[in-house]
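Report on the structure given below.
The values are calculated or read from the model by the stated rules, or taken from the named source; none is laboratory data. In this text the structure is predicted, and so the values were computed from the model without any measurement. Here the Cβ is made from the backbone with ideal geometry for all residues, glycine too, and neighbour counts use every protein chain on show. With ligands, DNA and RNA removed, areas are computed over all heavy atoms of the protein, side chains included. Shrake-Rupley method; radii C 1.70, N 1.55, O 1.52, S 1.80 Å.
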Amino acid sequence: MDISRKEFFKKSLFSLGEAITTVSSALKEPGHEQPTIRDTADFVPAGQENMRAVAYNGQCLAKNCGCFACFERCEAQALTVVMGEGIRIDEAKCTGCGTCEYVCPVTPKAVRLQPRKELEPPVQKAVPGIA
């Protein structure tokens, strides 16, 4: 078999690329989809004074600088991105409109609306015998 160097390297690179795509597709989780950011054109924000957004940074893509969907769409500018942590929500600025939750691309949502009274820290009761 007589083959030129150029043809040898070309076939080698082709087979290497083929092997990489086969292995990478085998390593992907079944049903894993790329998150999509919803457009807010059809969303009508309705400010709810008794609601506010709460961040669940365990799921948040912003902690690794991968997503800024909620930050970019918050008209009240209540959200800030903290590198390595995720997002922080300024409760005083949050209007409870729900835009951040609507555009969040992950499931479960990394930003969710909750009633404000639920968010108050529980009252700590004194335990007898402990000073």
Could you tell me the relative contact order of the stretch 40-98? Use alpha-carbon pairs under 8 Å, at least six residues apart, and round to a whole percent.
45 percent
Given Cβ point charges of +1 (Lys, Arg) and -1 (Asp, Glu) and nothing else, what value in debye, to the nearest 20, does the dipole of the stretch 39-94 about its Cα centre take?
200 debye
Could you rank K117, K93 by how accessible they are, 1.4 Å probe, largest area first?
K117, K93
Measure of exposure for C65: accessible area at 1.4 Å probe, Å² rounded to 10, is 60 Å²
By its C-alpha gyration tensor, with a ≥ b ≥ c as the square roots of the eigenvalues, how is the stretch 41-124 shaped: rounded for a/c under 1.5, else prolate for a/b larger than b/c, else oblate?
oblate
Figure the gain on full extension for T80 and E18 (residue separation times 0.36 nm, minus the Cα-Cα span) and round it to one decimal in nm.
18.0 nm
Karplus ³J(HN,Hα) for the stretch 69-80 (6.51 cos²θ - 1.76 cosθ + 1.60, θ = phi - 60°; Hz, whole; x = Gly/Pro) runs 4, 5, 4, 5, 9, 6, 6, 7, 6, 8, 10, 10
